[in-house]
Amino acid sequence: MVKTNAMRILEREKAEYKEHTYSGGALSGVEVAQALGEETERVFKTLVTICAPDRYYVFVIPAASELDLKKAAKAAGEKSIEMLPQKRLLPLTGYIHGGCSPVGMKKPFPTFFDLSAEGRKIFVSGGKVGVQIEISAEDLLRVTGGKFAALTR
C-alpha cells in the first residue's frame, strides 16, 4: 500500500501505528468498525468545525457518538462553533469526507480528542477512504498538539 501523508508524518514523528484497510467506499464510522471487525468505541471520526470569522477546530470523537457543539465550543474557548460545510473540507484540510485524518491537514488546527480515547489505542482515518490507522491516543496528542476534552452528548 502507498503511504499517505498522515502515515509519513507519524513515521517522521516516530509514532507507532498499524495500518488497516477496508473496502466499500466512504462508510459511516459505525460501518467502518463493522468492516474492520472492531468495537465501535475504538473507531473515531474526525470532525472539522468553524467559528466566525475564520477559526477552525478539529474534534476526534467515537464513531457512534455525536459532537456536542456546546462542549466543543467550551473546550476550544469559544462562545459557539458550527460544523464546517462539507464542500469546504477538501480545500481547507486536503482531505475528503470519509478520509479526513487528524494528522497531516494542510495547516495545523487546534485539535481535541474525546476523553474516552485517553489511555487507549484507537482507530482514526489514515487520510484516505478505506484506510484506518490504529494508534495510541497519546501518540496522536503528541503529533497533533491536541488535548483531551469532554466532547460528546
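Every read-out reported here was derived from the displayed coordinates using simple, explicitly stated rules and does not represent laboratory data. Since this is a predicted model, take the numbers as computed values, not measurements. Quick reminder, even Gly has a Cβ in these numbers, built from the backbone with ideal geometry, and neighbours come from all protein chains shown.
Things to note:
- GLU38, sole failed condition from (1) acidic (Asp, Glu); (2) outside any loop (DSSP other than H, G, I, E, B); (3) touching a strand residue (DSSP E or B) at 6+ places or on another chain (Cβ under 7 Å): (2)
- Qualifying residue in the range 2-20 (condition: farther than 25 Å from PHE109 by Cα, out of contact with any Pro (no Cβ under 6 Å at 6 or more places or on another chain), of a type outside the set (Ser, Thr, Tyr) and not in a helix (DSSP H, G or I)): yes
- Test result for THR49, in contact with a Phe, Trp or Tyr (Cβ under 6 Å, 6 or more places away or on another chain) and closer than 24 Å to ILE135 by Cβ: yes
- Taking the numbered list (1) surrounded by 17 or more Cβ atoms within 10 Å (Cβ to Cβ); (2) out of contact with any helix residue (DSSP H, G or I) (no Cβ under 9 Å at 6 or more places or on another chain); (3) among the small types (Gly, Ala, Ser); (4) over 17 Å from ILE9 (Cα atoms) in turn, GLY77 passes all entries but (1).
To keep it simple, each residue is scored yes or no on (1) hydroxyl-bearing (Ser, Thr, Tyr); (2) surrounded by fewer than 17 Cβ atoms within 10 Å (Cβ to Cβ); (3) in contact with a Phe, Trp or Tyr (Cβ under 8 Å, 6 or more places away or on another chain); (4) closer than 18 Å to CYS100 by Cβ.
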| residue | (1), (2), (3), (4) |
| --- | --- |
| LYS3 | no, yes, no, yes |
| GLU11 | no, yes, no, no |
| TYR17 | yes, no, no, yes |
| VAL32 | no, no, yes, yes |
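- Selection status of LYS128, among the basic types (Lys, Arg) and surrounded by 16 or more Cβ atoms within 10 Å (Cβ to Cβ): yes
- CYS100 passes every criterion in (1) buried (at least 21 other Cβ atoms within 10 Å of the Cβ); (2) hydrophobic (A, V, I, L, M, F, W, C); (3) closer than 16 Å to GLU41 by Cα apart from (3).
- Long-range neighbours under 7 Å by Cβ, at least six apart or interchain, first residue touching a residue at least 12 places away in the same chain (Cβ under 8 Å) and of a type in the set (S, T, N, Q) within the range 135-150, second in a strand (DSSP E or B) and surrounded by fewer than 18 Cβ atoms within 10 Å (Cβ to Cβ): SER136/LYS121
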